[in-house]
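Inspection log for the structure reproduced underneath, given as structure tokens.
Every read-out reported here was derived from the displayed coordinates using simple, explicitly stated rules and does not represent laboratory data. As the structure is a prediction and not an experimental result, all values here were calculated from the model. All Cβ positions, even for glycine, are placed from backbone atoms using ideal geometry, and neighbour counts span all protein chains on display.
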Amino acid sequence: MDKLTQQYVDGIMSGVIARNPGEKEFHQAVREVVESVSDYITASPHLMKLKIMERMVEPERVVMFRVPWMDDHGEIHVNRGYRVQMNSAIGPYKGGIRFHESVNLSIMKFLAFEQTFKNSLTTLPMGGAKGGSDFSPKGRSDAEVMRFCQSFMTELQRHIGQDRDVPAGDIGVGGREIGYLFGQYKRLQDEFSGTLTGKGLGWGGSLLRPEATGYGLCYFTEQMLATRGDSFKGKTVLVSGAGNVAQYTAKKAMELGAKVVTLSDSNGFIHDPDGLDEEKWQYVYELKNYRRGRIKEYADRFRHAVYYPNQRPWGIPCDIALPCATQNEIEKEDAEKLVSGGCRCVAEGANMPSTPEAIRIFQSNGLLYAPGKASNAGGVATSGLEMTQNSIRQKWTAEEVDSHLRRIMSDIHAACLKYGTGFDGTVNYVKGANVAGFIKVADAMVDQGLV
Ligand code: NDP
């Protein structure tokens, strides 16, 4: 990085750190983008003059609100709700809602910032946003989750709409929660619209939306492997998480001929040296989506599978690692273990699961490495397809949605190659994704004036 570019990065970062003290996840996400796009910006005087990056790192709007609700025993709880509307230059705000005890403003801002570039990469007209609450649905009854969702939506409904801001699911928000949120939105607004995505198939949802993030991740990974004449066939794959993204990542990787040997949750991971098969996958699906149990139970049920409490799966030898749980779940030591265990490709299903130190280790050891904003964009892309189907009042077949999803993932991969291929032919997917995502949003902001 030359001196001017370094000064530019330092200037942006010191402003962000001063204005958002203590928000380490937000700083981390901004730094990654700014470092990637700084030479493009410093070579474009109009972007410097118009302070495009200074404007991008300031959310257009942040809403924080009280969410009071009552549990089944009559006790009152107070949670905090958030919606960060980061950027609407290329379309209505779009991004998921996360219900997890760890949710705070820093995590909401990092996710909304990432979402802006991810949505731009999908080629669809969607701005960037994220929302959520420090409420955890784990261990709560359906009635408690419903009361919480209704209270949350009672405030959120003022700020969203099909042409304004379209939320979806994320950690802790699946089909059940989207149903309760949609029901309350419809009741308060007195309209049936496509304001939320991830809806049930009988009431406006798109076929393949639940599968989309995981399937899209595997389509993207296939393309990465193909750049080295390789494929999923016969490969040993580590998947972390056991939720929506992990489940469909495991399913598609298996379909493509890989052996998936791990899954995890926030208490630990299972290693199944025999690999998952259809029966085992169905067991996990029911365990996590209906019985709402822990991944530990997998090891009690299937021979040869071992449960490792309070550990992550990255020490198991593998060819490919697909982290699908949460941010910063691969730290430096985990990355070192992956490299020494033979891993050749890491593609992120989760958002920002690898720390900056881990990414440096992947890149310096020549692994194929893709950041979530490129490799997990299939979820929001299919949410975009759900919005289209709602607007035209039609429902596409699974084959139609899948072919759109494959094309979009392939276009994102091509954009990463276009902006991320170095003089020596190696591909820096971080740079490629960030520059490609940035250019479209920046150009729109230039066109729309100082707003
Ligand atoms: P789910 O709630 O369905 O599953 C999350 C999984 O990750 C669970 O197994 C959960 O375990 C585990 N997990 C959550 N927090 C932690 C933690 N702090 N430490 C260890 N494990 C944890 O969420 P999704 O599958 O939807 O989301 C997973 C990731 O993918 C997130 O980073 C999300 O932002 C990202 N993503 C999701 C998209 C989607 O379409 N759903 C789209 C793009 C990205 P436990 O059950 O114990 O909490």
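Please go through the residue pairs LYS199/LYS252; LYS252/LYS280; LYS109/LYS332; LYS251/LYS280 and name each one whose alpha carbons sit more than 20 Å apart in this structure. Please report the intermediate quantities before stating the final value.
Numbers: LYS199/LYS252 22 Å; LYS252/LYS280 14 Å; LYS109/LYS332 24 Å; LYS251/LYS280 10 Å.
Flagged as over cut-off: LYS199/LYS252; LYS109/LYS332.
With helices defined as uninterrupted DSSP H runs, which ones in the chain have an alpha carbon span along their own long axis of at least 15 Å and mean Kyte-Doolittle hydropathy of at least 0.0?
Length and hydropathy pass: 3-19, 105-121, 142-156, 429-447.
Where the centre of each part is set by its Cα atoms, how far does segment 407-440 sit from segment 101-146, in angstrom?
25
Relative contact order for the chain: what percent, with Cα pairs under 8 Å and sequence separation of 6 or more? Please report the intermediate quantities before stating the final value.
Values: 920 pairs, mean separation 66.8, N = 451.
Over the chain, the number comes to 15 percent.
Among THR195, VAL401, PRO309, pick out the residue whose Cα is farthest towards the positive end of the charge dipole of the chain, where Lys and Arg carry +1 and Asp and Glu carry -1 on C-beta, about the Cα centre.
Towards the positive end, the residue furthest out is THR195.
From Cα coordinates alone, what are the radius of gyration and Dmax values for the chain in angstrom?
Calculated on Cα positions, Rg and Dmax stand at 21.0, 65 Å.
Would you compute, from DSSP H runs of 4+ residues alone, the mean residue ellipticity of the chain at 222 nm, taking -39500 (n - 2.57) per run and dividing by the full residue count, rounded to the nearest 500? Provide the component values of the computation, followed by the final result.
Working: 17 runs with 219 residues, N = 451.
Mean residue ellipticity, 222 nm, calculated: -15500 deg cm²/dmol.
Roughly speaking, what is the stretch gain from SER136 to HIS304, that is 0.36 nm per residue apart minus the C-alpha to C-alpha distance, in nm to one decimal? Don't skip to the end; give the middle numbers.
Numbers: separation 168, 0.36 × 168 = 60.48 nm, distance 3.22 nm.
Going from the current span to full extension adds 57.3 nm.
If you place +1 on the Cβ of every Lys and Arg, -1 on the Cβ of every Asp and Glu, and leave all else neutral, what size is the dipole of the chain about its Cα centre, to the nearest 20 Debye?
On the way: 53 positive and 54 negative charges, 88 e Å.
I would put it at about 420 debye.
Separation between the ARG291 and ARG187 pseudo-spin-labels, each 7 Å from Cα along Cα→Cβ, expressed in nm?
3.2
Please compute the length gained on full extension between ASP411 and ARG61, using 0.36 nm multiplied by the number of residues separating them and subtracting their Cα-Cα distance.
Numbers: separation 350, 0.36 × 350 = 126.00 nm, distance 3.05 nm.
Value of the extension gain: 123.0 nm.
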